[in-house]
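Trainee: Handing you this structure, nothing more for now.
The values are calculated or read from the model by the stated rules, or taken from the named source; none is laboratory data. All of these numbers come straight from a predicted model, not from anything done at the bench. Please note: Cβ atoms are built from the backbone with ideal geometry, for glycine as well, and neighbour counts cover all protein chains shown.
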Amino acid sequence: MTTKFCKDVLVLLSGGIDSITCATYLLNQGFNVKALTFLSNNKIFSNFKEVFCAKEFARSKSLDHIILDVSNLDVLVNDIGNMRFSIGGKLGGCIPEYQQASPMSVEIMHMSSMMYAISHNISEIYWAIHKDDLGGDSPDKIIKYLGTINSLSEINYGVSCKVKTPFLYMSKSQVIDIGVDLGVEMNKTYSCSVGDDDPCGKCDQCKLREIALFKAVKRKIAI
Ligand SMILES: [Zn+2]
């Protein structure tokens, strides 16, 4: 491992391939990585399996790891239309439309992480969103959104705290390529939107993961 930076950073760690690859990349760069995971335990949707993977990863790397239970936030929203930027994963017809996959918006996620970061003197938060997550939105929209989010810490606290998106212009398979190169244990990550013990294999997150892993393996074989 290199020790270029001995700086604290915060990673939004869902327990999926993307966030675990992002955390691994930052660790390899020598950052002191702290992790924040959002637990959704409402009666409609839970991401226990994903959170379990996040916990195991954080434990294996001895990361400071906060798990924030956001289960009750579902009282604020009424349907899947409240999700933006595909947080929680696109559903691909696996879950009826009236059921919500995530009880929170990205704004709540980012504001909560900013509260933690600022109070721990952390100036960078890493969000492993990539272009296959955008569901029709353009990266420019994310950049514009982040510009607003990032300015809030300066306006309110007078300090700079930025949400960074190193994978924004990459496909999921490119992210997986990075993960494979970094030795991320793919079988210890979880991405399915349904949240059962075994991935459903049908939702968009499962399909994307399968295609991306296949492409990554093919590229390795070609080398
Ligand atoms: Zn699935």
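Trainee: Condition first: within 16 Å of the ligand (Cβ to nearest atom), of a type in the set (Val, Ile, Thr), at pLDDT below 90 and in a helix (DSSP H, G or I). Can you find one or more residues in the range 149-158 that meet it?
Mentor: No, the range 149-158 contains no residue that is within 16 Å of the ligand (Cβ to nearest atom), of a type in the set (Val, Ile, Thr), at pLDDT below 90 and in a helix (DSSP H, G or I).
Trainee: Looking at the range 159-212, which of the residues that are farther than 14 Å from Ile129 by Cβ and of a type in the set (Ser, Thr, Tyr) is modelled with the highest pLDDT?
Mentor: It comes out as Ser160.
Trainee: Taking Ser191 as the residue in question, decide whether it is over 22 Å from Arg59 (Cα atoms) and of a type in the set (Ser, Thr, Tyr).
Mentor: No: the conditions fail for Ser191.
Trainee: Also, quick follow-up: What number of residues within the range 170-205 satisfy the criterion of being without any contact (Cβ under 8 Å) to a residue 40 or more places away in the chain, assigned to a helix (DSSP H, G or I) and either touching a helix residue (DSSP H, G or I) at 6+ places or on another chain (Cβ under 9 Å) or within 16 Å of the ligand (Cβ to nearest atom) (or both)?
Mentor: Matching residues across the range 170-205 total 1.
Trainee: May I ask you to list the residues in the range 173-194 that are within 16 Å of Leu13 (Cα to Cα) and not polar (S, T, N, Q)?
Mentor: Within the range 173-194, Val175, Ile176, Gly179, Val184, Glu185, Met186, Lys188, Tyr190, Cys192 meet the criteria.
Here's the yes/no breakdown for (1) modelled with pLDDT under 75; (2) more than 16 Å from the ligand (Cβ to nearest atom); (3) surrounded by fewer than 18 Cβ atoms within 10 Å (Cβ to Cβ):
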site: Thr24; (1), (2), (3): no, yes, no
site: Ala35; (1), (2), (3): no, yes, no
site: Phe45; (1), (2), (3): yes, no, no
site: Phe57; (1), (2), (3): no, yes, no
site: Ser62; (1), (2), (3): no, yes, yes
site: His65; (1), (2), (3): no, yes, no
site: Asp74; (1), (2), (3): yes, yes, no
site: Asp79; (1), (2), (3): yes, yes, yes
site: Gly89; (1), (2), (3): yes, no, no
